[in-house]
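Q: The structure is given below, and queries will be raised subsequently.
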Amino acid sequence: MANEDTYNLGIKALITNQAGQILLLQVNKQELIDENRAYWDIPGGRVKQGENIEQTLAKEVTEETGLRLKSYDYFDSILSNIRIPQHPGDKIGVGLILFIYRCAVMDEKAPITLSREHSQYHWCEPTEAAELLQVKYPDSFTQKIKTN
């Protein structure tokens with residue numbers, strides 16, 4: 001039992017536009033529980049009790065960007081490089097299993113409205129996205145977004 005780990009399930013949206021760019025959001029440092037630096041991420045969140053994957057995906061994208069999903073397809077599943085503190089001072093935290101879906105939005109020209117969780121957004125080429133996402137995501141995922 002002592003070697004067992006605890007994980008949360010997170011759902012992430014790899015939103016791409018018609019130009020093949022990926023939408024990244026910079027995590028707002030003031031919203032982090034621990035003192036880590038802000039990093040780039042893709043929209044998403046943890047599945048809460050009573051929600052399913054589709055509900056979580058749609059809800060998190062709208063909450064974090066103001067965008068509405070048109071379609072989504074399974075892309076990958078990974079163990080995140082980041083552990084989530086459960087309270088201030090938590091040095092171990094819980095692991096995070098992420099299901100990532102490639103998503104298209106209803107209107108690519110709609111304004112992006114960030115939640116307080118994020119300080120800025122950036123549409124970038126897959127190679128740049130892969131580099132910026134290395135803080136949170138393993139090499140297997142960042143390499144996959146370069147080629148898919």
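Q: Which residue, of Thr113, Thr142, is of a type in the set (Ser, Thr, Tyr), closer than 22 Å to Gln30 by Cβ and either out of contact with any strand residue (DSSP E or B) (no Cβ under 7 Å at 6 or more places or on another chain) or not in a strand (DSSP E or B) (or both)?
A: When all the criteria are applied, what remains is Thr113.
Q: Considering each residue of region 109-129, count those that are among the charged types (D, E, K, R), surrounded by fewer than 17 Cβ atoms within 10 Å (Cβ to Cβ) and closer than 17 Å to Gly45 by Cα, and give that number.
A: So the answer is 1.
Q: Let me ask another. Run Gly45 past the list (1) free of Cβ contacts under 8 Å to residues at least 40 places away in the same chain; (2) closer than 23 Å to Arg116 by Cα; (3) over 12 Å from the mean Cα position of the chain (by Cα) and report the number of the one that doesn't hold.
A: So the condition that Gly45 fails would be (3).
Q: Name the residues in region 84-110 that are within 20 Å of Pro126 (Cα to Cα) and either part of a strand (DSSP E or B) or in contact with a Phe, Trp or Tyr (Cβ under 6 Å, 6 or more places away or on another chain) (or both), would you?
A: Of everything in region 84-110, those that are within 20 Å of Pro126 (Cα to Cα) and either part of a strand (DSSP E or B) or in contact with a Phe, Trp or Tyr (Cβ under 6 Å, 6 or more places away or on another chain) (or both) turn out to be Leu98, Phe99, Ile100, Tyr101, Arg102, Cys103, Ala104, Val105.
Q: With (1) in contact (Cβ under 8 Å) with a residue 60 or more places away in the chain; (2) within 13 Å of Leu25 (Cα to Cα); (3) surrounded by fewer than 18 Cβ atoms within 10 Å (Cβ to Cβ) as the list, and Leu132 as the residue in question, which single condition is left unmet?
A: Condition not satisfied by Leu132: (3).
Q: Of the residues in region 42-56, how many are within 23 Å of Pro88 (Cα to Cα) and at pLDDT 95 or above?
A: Summing the residues that are within 23 Å of Pro88 (Cα to Cα) and at pLDDT 95 or above in region 42-56 gives 1.
Results for (1) more than 12 Å from the chain's Cα centre (by Cα); (2) surrounded by fewer than 17 Cβ atoms within 10 Å (Cβ to Cβ); (3) not small (Gly, Ala, Ser), shown as yes or no for each residue.
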residue: Arg37; (1), (2), (3): yes, yes, yes
residue: Gln55; (1), (2), (3): yes, yes, yes
residue: Glu60; (1), (2), (3): no, no, yes
residue: Glu64; (1), (2), (3): no, no, yes
residue: Gly95; (1), (2), (3): yes, yes, no
residue: Asp107; (1), (2), (3): yes, yes, yes
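Q: Does region 68-83 hold any residues that are in a strand (DSSP E or B), in contact with a Pro (Cβ under 8 Å, 6 or more places away or on another chain) and either surrounded by 17 or more Cβ atoms within 10 Å (Cβ to Cβ) or of a type outside the set (A, V, I, L, M) (or both), and which are they?
A: Ile78
Q: Next up: Which is among the aromatic types (Phe, Trp, Tyr), modelled with pLDDT of 95 or more and under 24 Å from Ala38 (Cβ atoms), of Tyr121, Tyr137?
A: Tyr121
Q: From Leu14, Leu23, which residue is assigned to a strand (DSSP E or B), in contact (Cβ under 8 Å) with a residue 60 or more places away in the chain, touching a Ser or Thr at 6+ places or on another chain (Cβ under 8 Å) and surrounded by 14 or more Cβ atoms within 10 Å (Cβ to Cβ)?
A: So the residue among Leu14, Leu23 that is assigned to a strand (DSSP E or B), in contact (Cβ under 8 Å) with a residue 60 or more places away in the chain, touching a Ser or Thr at 6+ places or on another chain (Cβ under 8 Å) and surrounded by 14 or more Cβ atoms within 10 Å (Cβ to Cβ) is Leu23.
The values are calculated or read from the model by the stated rules, or taken from the named source; none is laboratory data. Since we're looking at a predicted model, the values are computed, not measured. Every residue, glycine as well, gets a Cβ built from its backbone with ideal geometry; the counts of neighbours run over all protein chains shown.
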